[in-house]
Each structure stands twice: as structure tokens, then as C-alpha cells.
Ligand code: SF4
Ligand code: SF4
Ligand code: FES
């Protein structure tokens, strides 16, 4: 196996080390630098959508502002995480995000800690909290493998949705609910049904053969059984009863 090349560089004057090509944001976070970010998640590829993770990078005598979540580190670069330019740009971005998601606790908290109480931008009509960060889509595609949602439309009509608003590929696993940074994808369970509210997907849940409680959508369990070729009766028991049986 080939050895990974380590490179040394500076963040806010501190000498740090990382694998060449690793993205800058996770390295900086690991070293304890606080860089706000909303569309980055270690489980999926970076996308650079929210722009909050801006930093200044000096390389070969030239300094430029860049998003750190999708910037591959290299030897000798000098990174500044909180210059006046960076802070000004970040405040502007937070105001724009507030116009999209005026009720998101995460964004309100970030804005307050940057000294912003309200946005100068008009609140988007029907602002529903989605900041178009694309995290739900990447998790659904790259981690779950369901490909159930995608960006649709252009310009100010752009939104995240199931293709053609048909949620038939959604297995209601809840992974997108878990990662959404503004908490605008809700999951509800009533009786033996689970609904992913934002995608208008409702699925019947399978009852546990032992305790009788519904525990996961049948469609999701069949989907997993087919994909990883498990025995058909693999999901007869809920996780609690299965543990007790061991
Ligand atoms: S709940 Fe549906 S849309 Fe969300 S990650 Fe799971 S399959 Fe994808
Ligand atoms: S629904 Fe949430 S995770 Fe998906 S794009 Fe919008 S803000 Fe991001
Ligand atoms: S975290 Fe880097 S652009 Fe969103």
C-alpha cells in the first residue's frame, strides 16, 4: 500500500500537519479552530454550498478567499481563519441565510455570535428553512444509496425535492432528517406509519414478530434485504427483541 504524503502548513500562525490533499476544514476543526460551516459533513463529499467556511489562503505569495471544506491542503500554505475580510463576508452570508431560514435555531445562533440580530435582505417568500445546502441529497445518494431526492428547477425556484415530486425511491430511513442543518425535514410516526413530511412520503412500518411494535418501514427493510442479500426473515424482530434473543 502506498504511504500517504504528509504536508506541513500554517493556520493562524500555528504549524500543523495533514495528509496532502485532505480538505482544509476538517483539518482545521481537528486542530481546534472554530470555522462555522453548515453544508459539510464528514460522511459525504464536500459541496461548497453554504460558503460559511470561508478562509483566506496564501500560496505562492498570492492570497485569496476560499471555502475551506473543499480546499485540498498543500505544503507551505498559510491559512487565516478570521481576517476582517473573512468576518465581513461571513456576516453577509449569514444575513443571506437568515433570509432563507429565519426560524432556524442553528443559523440564528451563528448569526448572533457574529453580532447579527437581523437580516437586511428581504425574507424569501414562503421561507421554509431550506438553505439549499444539498447535504440531504448527498447523504441519500452517497451513504444510503437511495437517490430519492435531487435539486429541481433553476434560479429562485431552485429547491430540493424528489424527482418530479414522486417520492417512490424514498425508503423513509430518516438519514436526511438527521443531517439537515436547519432542521427543516421532519419525520413523523403515527400508529404503524412513518412519514417524511418534506418529501410527502408515508410508508407502513413492519411490526416486530415478538413484541408487536412497528419498528421500521417494510419498504425500507425489503430494500435492505434485496441489496445486501440477507435472508428474508432477517428483520422479523425489532432491534430491542433481537438483542434480548442473543
Ligand atoms: S428518508 Fe428518503 S430521502 Fe431521506 S435519506 Fe432516507 S431515502 Fe433518502
Ligand atoms: S432540506 Fe436541509 S439538508 Fe436538504 S438542502 Fe435544504 S437545508 Fe440542506
Ligand atoms: S461548509 Fe464549506 S461551503 Fe458550506
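Among the conditions (1) closer than 22 Å to residue 47 by Cβ; (2) assigned to a loop (DSSP other than H, G, I, E, B), the only one that residue 117 does not satisfy is (1). Does residue 205 satisfy the criteria of being farther than 27 Å from residue 151 by Cα and in contact with a helix residue (DSSP H, G or I) (Cβ under 8 Å, 6 or more places away or on another chain)? Spelling it out, residue 205 is indeed farther than 27 Å from residue 151 by Cα and in contact with a helix residue (DSSP H, G or I) (Cβ under 8 Å, 6 or more places away or on another chain).
From the list 73, 139, the lone residue that is in contact (Cβ under 8 Å) with a residue 60 or more places away in the chain, within 26 Å of residue 24 (Cβ to Cβ) and more than 21 Å from the chain's Cα centre (by Cα) is 73. Confirm whether residue 6 is out of contact with any helix residue (DSSP H, G or I) (no Cβ under 7 Å at 6 or more places or on another chain), more than 11 Å from ligand 3 (Cβ to nearest atom) and over 17 Å from residue 132 (Cβ atoms). Answer is yes for this residue. Scanning for something within 14 Å of ligand 3 (Cβ to nearest atom) and either modelled with pLDDT under 95 or crowded, with 17+ Cβ neighbours inside 10 Å (or both), does the range 116-128 turn up at least one residue? No, that holds for no residue.
Taken together, the residues in the range 28-47 that are away from ligand 3 (no atom under 13 Å from the Cβ) and surrounded by 17 or more Cβ atoms within 10 Å (Cβ to Cβ) amount to 1. Selection of the range 66-91 for residues being surrounded by fewer than 16 Cβ atoms within 10 Å (Cβ to Cβ) and outside any loop (DSSP other than H, G, I, E, B) yields 72, 78, 84, 85, 87, 88, 91. Within the range 71-95, being touching a helix residue (DSSP H, G or I) at 6+ places or on another chain (Cβ under 8 Å) and within 24 Å of residue 138 (Cβ to Cβ) holds for 71, 72, 73, 94. Summed over the range 24-65, residues that are part of a strand (DSSP E or B) and over 16 Å from residue 94 (Cβ atoms) total 7. Restricted to the range 129-150, and to residues there that are out of contact with any helix residue (DSSP H, G or I) (no Cβ under 7 Å at 6 or more places or on another chain) and not in a loop (DSSP other than H, G, I, E, B), the residue that is nearest to ligand 3 (Cβ to nearest atom) is 138.
Report those strands (runs of 3 or more DSSP E) wholly inside the range 187-246 carrying at least 2 residues which are loosely packed, with under 15 Cβ neighbours inside 10 Å and at pLDDT 95 or above. Talk me through it step by step, then tell me what you get.
Numbers: elements: 187-190, 193-196, 201-207, 214-217.
Correct list: 187-190.
The values are calculated or read from the model by the stated rules, or taken from the named source; none is laboratory data. The structure displayed is predicted, hence computed values, not measured ones. Please note: Cβ atoms are built from the backbone with ideal geometry, for glycine as well, and neighbour counts cover all protein chains shown.
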